[in-house]
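The values are calculated or read from the model by the stated rules, or taken from the named source; none is laboratory data. What you are looking at is a predicted structure, and each value in this text was computed from that prediction instead of being measured. Every residue, glycine among them, receives a Cβ derived from its backbone with ideal geometry; neighbour counts consider all protein chains shown.
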Amino acid sequence: MGSLKPVGPAAQDAGFLATKADALVNWGRKNSLWPMPLGLSCCGIELMAMIGPKFDISRFGAEAARFSPRQCDLLIVAGTLTWKMAQAARTIYDQMPDPKWVIAMGVCSSSGGMYDSYAVVQGIDMLMPVDVYVPGCPPRPDAVIDAILKLQKKIERESPIRDLTQGRNEGDESGTGVFDMPPNDAVATSRIGTFLDADSEELA
Amino acid sequence: MTDAQTYEYTPGVPPDDIDHDDPLHGEMLELHMGPQHPATHGVLRLGIQLDGETIRGCKPDVGYLHRGKEKSCESLGWRKFFPHTDRLDYVQPLLNNCAYAMSLEKLGDIEVPERGQTIRILIMELSRIAAHLIYLGTTAIDLGAVTMFFFTFTEREKIYTLLDAYTGHRMNNTYIRVGGVYADVDASMIAMTREFLAQFPSKIDEFEALLTGNRIWYDRNHGVGALTPEQALAWSLSGPNLRGCGVDWDVRKNNPYCGYESYDFEVPVGTKGDCYDRYLVRIEEMRQSVRLCEQAIDRMRDTKGSDFLTRDRRYVLPPKDKVNDSMEELIHQFKVVTDMSLPKGEAYAPVESSKGELGFFVASDGTSAPLRCHIRAPGLMNVQAIPLLAEGRLLSDMMAIIGSLDFVMGEVDR
Amino acid sequence: MGVLERIAAVRGTEGYTAVDARDGTPCVRIEASALPAFALMLRDECGFETNTFVTAIDRTEKRPVFDICYQFLSLQHADRVRVLIEVDAADPRVPTIKDLWIGASYSERECFDMFGVAFEGHDPLERLLMPEGYEHHPLRKEFPHHGIEPDRLYREWERTRSAGGKA
Amino acid sequence: MLTTYTPILILVVMTLGFAVANLVLSEVLGAKRNTIGKSDAYECGMAPVGNARIRLSIHFYLIAVLFILFDIESVFLVLWAVGAESFTHAGVGMLVFTEILFFVGLLVLALAYVWRKGALQWDR
């Protein structure tokens, strides 16, 4: 599986120092992704099997599964996210220090899966920006390891030092010193607020 | 350690016999042992009131994994609800399948052929072993024995490869159908199962060597969360939690189904009803399941070649090759796929799951979609009993209590 | 000694009507008001030590009624009994059995949460599965499959910067 | 002109330098993204209820003080153990040993008193 996108011209003119420093920082980041296992349902069991002896993600430096968001940089949402749990999931995502990435493990977290019901979030990208989606119900552990490898390729092409030298990530859009990581709504076009409300005529 | 102080129990209200200006009891610290916590084995939230280290009040809050399965069953219909039953108690998917299939067979008086029943017993006992391995692995890692997690998951991976060979998928394998099983079991699978069953008892001895005599495991579990038989029955506990307190009740023995009465196995029963007894009961249950699996495999030989799925075409899909060349089979398939309807009435078929008595109460009005499909979850009763065992104890005992009650949130929240 | 004989031995034949169930479990239909006495008799005289479940069946497609359905298990006799109570669907109201079998409290809370059946005497009758601020009862037949505004609580959750404030 | 203390100086500079460098680098290089809720206390995904500044049971303080008491005792024992060799050469080995025995005996007495009063037993 080659790199997702060929390296664009922007990287060439970023100057020697930035790309080399970026490469070093990205190399360090991608090989020590500490997962935050948000094990919600069946995918959580496959997540444990992945951390277990047979599939063993410590070969990729990702086995230090801390259960506190403060010490993790990869949030693996494994299982069905319900609307009652949505606030807790978003709070955990907010409380993770930057840089952070999100893997939506299984179809339930990617797009609501088999549950088109009144209580299930139809895809966690309505709540938080997701980097890699893993199909499968539950996906085999090697599918999730493949997702981590894809994420590592994605991290390789990030440019933290160049953004730093060009002062890009200092400011914040809303000017209140408060960042908000908007959901990327890649799979489900954002349906927050578009559900049937109580007195809509379709219900009558 | 003083023995189990049992406060006069009113749910969620800390006893007021503590005067708060006595320096030994500070103010009440309220915290969430929340939906995202390694020791709650899933998304359960406990609202805990702590007085120093002692739990004064504990109120479980469930529903963080409520996916509305009973509602989707009413719109999906009988046949399409099978994959949902895998995701109920997701550490033993096939056992939920069998429970659901049995309640439908009871509703429609459908006879499962001999070989189908034997395969089901073999599959259910393998799922029970897998579920108890998850209990052992996660409870041990919560109490500090990290190697147990890797030991039990190595064994569980072997069961995954077995089920992969039987059913085509490691987990959530919808292999059971109304009236039998989906595919036959051939000689290579039986050889693999025999090989696994041959080496598994020695692995259980390894687990016991690591835990049973272990001083830390003994002190963390002995006398913690003690249950009297009357309490267990009043709180509708069942399965290993009930047998741990000395009540000899096992649905496989007392309401036998699927041919269990013709198998010979014992039912382990504890004495004191504390976490340590529940642990011993589950370890012994794994050994009994191995015996059951071996007997099921021996029976497989003399029913070789006979059909594993009933021939009653009202509920069962005809084999694919027949459908292509016979008009009648094509009509059967079309009728079953679009509208497999069951006769009017209610039915409840209890099954001995690894957590307790699991059953599907199905009410049908004669159409292809159920009027009501209530899932009787033993896990919900286990969660309900947490405050009874946890209040008055130290916070670190909460891990042993939650581990030993052994519930899975998919089944609790449905 | 079958279940119905045991009940008849204690109570004679008035006050309940036997119903034959599809799966052969002895099934009895009684009035809502007779439940506390009947339940106490079941537990003490007929030996039904534990309650298996409490649920409701929404029969509003044919008649505007709910069937509240209890099931009890007797370990000493190794048999089960099912009790059905018909309540009006507009205002389903049934006395609680939580004081007799405390194991029934979560089943009753779930039945209230899903159907809106009011269990009198069950003092903190709160929702079990849906979040507190939810006003509808999902398992009623008229409730739509996709739900009504499932994300309302998430939208209204003002993501507090400072600590405190209920999620 | 390497005086005998230079290695210690290098060691101090290295350790302090390493610690300070880490702090400064992470301060400079780190992306300071202050999102909503990031500064909230982490309580398993929920907004924390109540506050943590409450009056704790005195037991915690008691256990802490007892720990310090017996910890300092071991510090003195280490001091004696380091000098034991030179005491025996100086001929006062036995005297110092009896003093240490007396010191330890006194503290064992204290431990017995604390044990009997039940301060070590946690949940009373």
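Inside segment B:103-128, can you point out the residues that are within 14 Å of chain C (Cβ to nearest Cβ) and touching a Leu at 6+ places or on another chain (Cβ under 7 Å)? It would help to see each step written out before you state the result.
At the first step, the residues of segment B:103-128 found to be within 14 Å of chain C (Cβ to nearest Cβ) are B:103-110.
If the condition is that a residue be within 14 Å of chain C (Cβ to nearest Cβ) and touching a Leu at 6+ places or on another chain (Cβ under 7 Å), then B:L104, B:L107, B:G108 are the ones that fit.
Please specify each residue of segment B:209-255 satisfying the condition of being farther than 28 Å from B:M102 by Cβ, more than 14 Å from chain C (Cβ to nearest Cβ) and either in contact with a helix residue (DSSP H, G or I) (Cβ under 7 Å, 6 or more places away or on another chain) or among the aromatic types (F, W, Y) (or both).
B:L210, B:L211, B:W217, B:Y218, B:R220, B:N221, B:H222, B:V224, B:G225
Which condition does A:Y93 not pass, out of (1) hydroxyl-bearing (S, T, Y); (2) closer than 21 Å to B:D413 by Cβ; (3) within 14 Å of chain C (Cβ to nearest Cβ), if it passes all the others?
Answer for A:Y93: the failing condition is (2).
So the check is Cβ under 8 Å with 6+ separation or different chains; which pairs have a first residue in segment C:130-150 that's in contact (Cβ under 8 Å) with a residue 40 or more places away in the chain and more than 7 Å from every other protein chain (Cβ to nearest Cβ) and a second one that's assigned to a loop (DSSP other than H, G, I, E, B) and of a type in the set (S, T, Y)?
Correct list of pairs: C:R140/C:T60; C:K141/C:T60; C:E142/C:T60.
When D:A64 is evaluated against the numbered criteria (1) surrounded by 12 or more Cβ atoms within 10 Å (Cβ to Cβ); (2) within 14 Å of chain B (Cβ to nearest Cβ); (3) among the aliphatic types (A, V, I, L, M); (4) assigned to a helix (DSSP H, G or I), which criterion, by number, is the only one it fails?
Only one criterion is unmet by D:A64, namely (1).
Look through segment A:37-64, keep the residues that are within 9 Å of chain B (Cβ to nearest Cβ) and in contact with a Leu (Cβ under 9 Å, 6 or more places away or on another chain), and return whichever of them is surrounded by the most Cβ atoms within 10 Å (Cβ to Cβ).
It comes out as A:L38.
Looking at segment A:162-172, can you tell me whether even one residue there is at pLDDT below 90, among the β-branched types (V, I, T) and assigned to a loop (DSSP other than H, G, I, E, B)? Full working, then the answer.
Step one: list which residues in segment A:162-172 are at pLDDT below 90, which gives A:162-172.
Subset that is among the β-branched types (V, I, T): A:165.
Pick out the ones that are also assigned to a loop (DSSP other than H, G, I, E, B) and you get none.
For segment A:162-172, residues at pLDDT below 90, among the β-branched types (V, I, T) and assigned to a loop (DSSP other than H, G, I, E, B): absent.
For segment C:89-103, which residues satisfy the criterion of being in contact (Cβ under 8 Å) with a residue 12 or more places away in the chain and in a loop (DSSP other than H, G, I, E, B)? Let's see the steps before the verdict.
First pass over segment C:89-103, keeping only residues in contact (Cβ under 8 Å) with a residue 12 or more places away in the chain: C:89-101, C:103.
Matches in segment C:89-103: C:A89, C:A90, C:D91, C:P92, C:T96, C:I97, C:K98, C:D99, C:L100, C:W101, C:G103.
Pairs, please: C-beta under 7 Å, at least 6 apart or cross-chain, first residue within 13 Å of another protein chain (Cβ to nearest Cβ) and in segment C:20-34, second surrounded by fewer than 16 Cβ atoms within 10 Å (Cβ to Cβ) and of a type in the set (S, T, N, Q)?
Taking only residues 6 or more apart or on different chains, the pairs are C:R29/C:T17.
Regarding segment B:222-233, can at least one residue be identified that is surrounded by 14 or more Cβ atoms within 10 Å (Cβ to Cβ), among the hydrophobic types (A, V, I, L, M, F, W, C) and in a helix (DSSP H, G or I)?
yes
In segment B:135-147, how many are part of a helix (DSSP H, G or I) and over 13 Å from the mean Cα position of the chain (by Cα)? Walk me through it before giving the result.
As a first pass, look at segment B:135-147 and keep what is part of a helix (DSSP H, G or I): B:135-142, B:146-147.
Within this subset, residues satisfying the condition of being over 13 Å from the mean Cα position of the chain (by Cα) are B:136-142, B:146-147.
Number of matching residues: 9.
When the residues of segment B:134-157 are narrowed to those that are facing another protein chain (nearest Cβ under 9 Å) and of a type outside the set (V, I, T), which ends up nearest to B:Q288 (Cα to Cα)?
It comes out as B:R156.
Go over the candidates A:D142, A:D98 one by one and state the one that is surrounded by fewer than 22 Cβ atoms within 10 Å (Cβ to Cβ), assigned to a loop (DSSP other than H, G, I, E, B) and charged (D, E, K, R).
Details: A:D142 fails: assigned to a loop (DSSP other than H, G, I, E, B).
Going through A:D142, A:D98 in turn, the sole match is A:D98.
Looking at this structure, is B:D406 more than 21 Å from C:T55 (Cα to Cα), away from chain C (no Cβ under 11 Å) and under 21 Å from the mean Cα position of the chain (by Cα)?
So B:D406 fits the description; yes.
Against the definition (under 27 Å from B:R79 (Cβ atoms), among the small types (G, A, S) and within 14 Å of chain A (Cβ to nearest Cβ)), how does B:A131 come out, yes or no?
Working: under 27 Å from B:R79 (Cβ atoms): yes; among the small types (G, A, S): yes; within 14 Å of chain A (Cβ to nearest Cβ): yes.
So B:A131 fits the description; yes.
Residue check: is C:D113 part of a loop (DSSP other than H, G, I, E, B) and either modelled with pLDDT of 85 or more or surrounded by fewer than 20 Cβ atoms within 10 Å (Cβ to Cβ) (or both)?
Numbers: part of a loop (DSSP other than H, G, I, E, B): no; either modelled with pLDDT of 85 or more or surrounded by fewer than 20 Cβ atoms within 10 Å (Cβ to Cβ) (or both): yes.
No, not satisfied.
Please report, ordered by residue number, the helices (runs of 4 or more DSSP H) entirely within segment B:273-341 with at least 1 residues that are at pLDDT 90 or above and surrounded by fewer than 17 Cβ atoms within 10 Å (Cβ to Cβ). Before you say what the answer is, go through the steps one by one.
Numbers: elements: B:275-302, B:320-325, B:327-338.
Result: B:275-302.
With surrounded by fewer than 18 Cβ atoms within 10 Å (Cβ to Cβ) and within 28 Å of A:G136 (Cβ to Cβ) as the only criterion, which of B:G168, B:G137 stands out?
Details: B:G137 fails: surrounded by fewer than 18 Cβ atoms within 10 Å (Cβ to Cβ).
After applying the criteria, what remains is B:G168.
Table: residues versus (1) of a type in the set (D, E); (2) within 25 Å of D:E27 (Cα to Cα); (3) out of contact with any Asp or Glu (no Cβ under 9 Å at 6 or more places or on another chain); (4) at pLDDT 90 or above.
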| residue | (1), (2), (3), (4) |
| --- | --- |
| A:L40 | no, no, yes, yes |
| A:L47 | no, no, yes, yes |
| A:C72 | no, yes, yes, yes |
| A:A89 | no, no, yes, yes |
| A:D94 | yes, yes, no, no |
| A:A104 | no, no, no, yes |
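Any residue at all in segment B:244-253 that is touching a residue at least 60 places away in the same chain (Cβ under 8 Å), surrounded by fewer than 23 Cβ atoms within 10 Å (Cβ to Cβ), of a type in the set (G, A, S) and more than 22 Å from B:G213 (Cβ to Cβ)?
no
Could you go through segment B:256-267 and let me know if any residue there is part of a loop (DSSP other than H, G, I, E, B), free of Cβ contacts under 8 Å to residues at least 12 places away in the same chain and within 14 Å of chain C (Cβ to nearest Cβ).
Yes, segment B:256-267 has at least one match.
Condition test on C:L128, is it assigned to a loop (DSSP other than H, G, I, E, B) and either among the aliphatic types (A, V, I, L, M) or surrounded by fewer than 21 Cβ atoms within 10 Å (Cβ to Cβ) (or both)? Don't jump to the end; show me each part of the working.
Working: assigned to a loop (DSSP other than H, G, I, E, B): yes; either among the aliphatic types (A, V, I, L, M) or surrounded by fewer than 21 Cβ atoms within 10 Å (Cβ to Cβ) (or both): yes.
So C:L128 passes the test.
Being modelled with pLDDT of 90 or more, surrounded by 19 or more Cβ atoms within 10 Å (Cβ to Cβ) and under 22 Å from B:C258 (Cα atoms) narrows it down to one of B:E105, B:E70, so name that one. Spell out the reasoning first.
Values: B:E70 fails: under 22 Å from B:C258 (Cα atoms).
Exactly one of B:E105, B:E70 is modelled with pLDDT of 90 or more, surrounded by 19 or more Cβ atoms within 10 Å (Cβ to Cβ) and under 22 Å from B:C258 (Cα atoms), namely B:E105.
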